[in-house]
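One structure is given below, encoded as structure tokens.
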Amino acid sequence: ASAYNFFKPAVPKTPKLDHQWIAKAMGVKDVRYYLNYLHSDGAKLTATDGHRLHQCNVSDLAEGYYDNQLIAVECDGRYPDVDRVIPKNYTEKMSIELFKTILNSSEVTPIGKLGQFVRIDHKDSKLNIGANLSYINDVLCGMSDHANVIYQPNSPCDKLLFVDETLDRLAVVMSARL
């Protein structure tokens with residue numbers, strides 16, 4: 001099994017399939033080993049590394065753990081209750097196109113080996129958050145132009161919720177302190 005993990009294909013930079021996009025949020029060598037896999041509950045396929053979450057509905061996968069090629073793997077860990085991190089009471093919504101425009105005009109800060117972080121502070125939409133830029137880009141590469149960003153206005157936002165009803169995808173990106 002360890003040799004397989006060493007030689008398994010990487011997640012593509014531009015995902016074409018649902019599971020490839022979801023796999024972008026998988027953990028990499030996480031000590032919480034169950035986060036290094038995709039998880040299916042029989043209705044939804046999910047991946048999270050604790051800082052972001054990607055999810056979509058599936059109907060053809062049995063409950064269990066899968067690698068990034070959708071090959072079932074044995075894993076005895078208990079997957080986190082991801083429904084707890086998906087915001088239910090956020091009140092503001094903006095189109096993905098407006099979000100991209102705001103993102104392109106936002107300040108990007110490189111922080112050593114951690115990567116690039118972006119501070120979004122948009123007065124008109126009352127959106128204020130700091131987040132890992134690569135996490136946001138991973139979300140955006142899997143969303144259609146009909147997707148929406150849902151957030152809590154007028155306060156430092158703790159996470160962004162991306163919803164694409166056309167592709168039946170959902171993503172959460174947690175905030176970072178900058």
Checklist entry - Once segment 15-169 is represented by equal point scatterers at the alpha-carbon sites, with solvent omitted, what log10 I(q)/I(0) does the Debye formula produce at q = 0.12, 0.17 Å⁻¹? => result -0.54, -1.04
Checklist outcome for this item: Neighbours of His146 by Cβ distance under 12 Å: Lys/Arg at +1, Asp/Glu at -1, summed charge -4
Checklist entry - R0 = 25 Å: FRET efficiency of Leu98 with Ser134, Cβ-based, nearest 0.05? => result 0.75
Next on the checklist: Helix-only mean residue ellipticity at 222 nm, the chain, DSSP H runs n ≥ 4 weighted -39,500 (n - 2.57), per residue, nearest 500. What is it?
Outcome noted: -4000 deg cm²/dmol
Checklist outcome for this item: Beyond 17 Å, the calculated P(r) of segment 57-106 holds a percent of Cα-Cα pairs equal to 65
Item to check | Which of Val28, Val173 is most accessible, then next, and so on - probe 1.4 Å | outcome: Val28, Val173
Item to check | Accessible surface, segment 57-98, averaged per residue in Å² (probe 1.4 Å) | outcome: 70
Next on the checklist: As an exercise, use a Förster radius of 35 Å and the Cβ-Cβ distance of Val73 and His146 to find the FRET efficiency, rounded to the nearest 0.05.
Outcome noted: 0.55
Checklist outcome for this item: So the carbon and sulfur contribution to the accessible area of the chain, 1.4 Å probe, in percent, is 51
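The values are calculated or read from the model by the stated rules, or taken from the named source; none is laboratory data. No experiment lies behind these values; they were computed from the predicted model shown. Heads up, the Cβs are rebuilt from the backbone with ideal geometry, glycines too, and the neighbour counts pull from every protein chain shown. Only protein heavy atoms, including side chains, enter the accessible area calculation; ligands, DNA and RNA are left aside. Shrake-Rupley method; radii C 1.70, N 1.55, O 1.52, S 1.80 Å.
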